[in-house]
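Input: a single structure, listed below in structure tokens.
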Amino acid sequence: MSGLTTSASHVRAAVLEPAVSTYSANHKYKQLARILLHLRNDLHLDQPQLAMPTSAMIEHLVFNCPLSLLEGDDWQQIIIHTLDYLISQLGPSGSADGLFLRSDCDQPLFPNEELFDSQDAYLFARTLLRQQQQVFE
């Protein structure tokens, strides 16, 4: 009887604490947005003059990234790949105005009511990437 109870408790623990690899794509996007939000706050302490995106803008930017960038469990690599992608798409050679959409509706992200444009997003991503590279050197 105690073997049955132990088995049931192991099953219950496995259900309550799923492995990271079983999280849905939506969860990974939201987790990445939360991480970037915290990194934004740290960056603001070092670079108060830089235009900072709101939490909603960070979420919109993240949800525009390909899911393939969020594969794996190495969050530092996920952050670097995501910032590299944003820089390549938002940079001078990219055409972000038509490429990025809001995550809550099917409308372009730029221009927006936040007065945070694609150039601001590019500078933010580039500066944050540099900061992250310095931290892990």
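Scanning segment 115-137 for residues that are touching a Pro at 6+ places or on another chain (Cβ under 8 Å) and outside any helix (DSSP H, G or I) yields 116, 117.
Within segment 66-91, the set of residues being in contact (Cβ under 8 Å) with a residue 24 or more places away in the chain and not in a helix (DSSP H, G or I) comprises 73, 91. Can you find a residue that is in contact with a Leu (Cβ under 7 Å, 6 or more places away or on another chain), surrounded by fewer than 17 Cβ atoms within 10 Å (Cβ to Cβ) and at pLDDT 95 or above anywhere in segment 10-25? Looking for residues that are in contact with a Leu (Cβ under 7 Å, 6 or more places away or on another chain), surrounded by fewer than 17 Cβ atoms within 10 Å (Cβ to Cβ) and at pLDDT 95 or above, one finds none in segment 10-25, hence no. Checked against (1) aromatic (Phe, Trp, Tyr); (2) modelled with pLDDT of 90 or more; (3) out of contact with any Asp or Glu (no Cβ under 9 Å at 6 or more places or on another chain), residue 29 passes all but a single condition, namely (3). What about residue 41, is it at pLDDT 90 or above and exposed (fewer than 14 other Cβ atoms within 10 Å of the Cβ)? Answer is yes for this residue.
The values are calculated or read from the model by the stated rules, or taken from the named source; none is laboratory data. Note that the structure is predicted; figures quoted are calculated from it, not measured. No Cβ is skipped: glycine too gets one built from the backbone with ideal geometry, and neighbour counts run over all protein chains shown.
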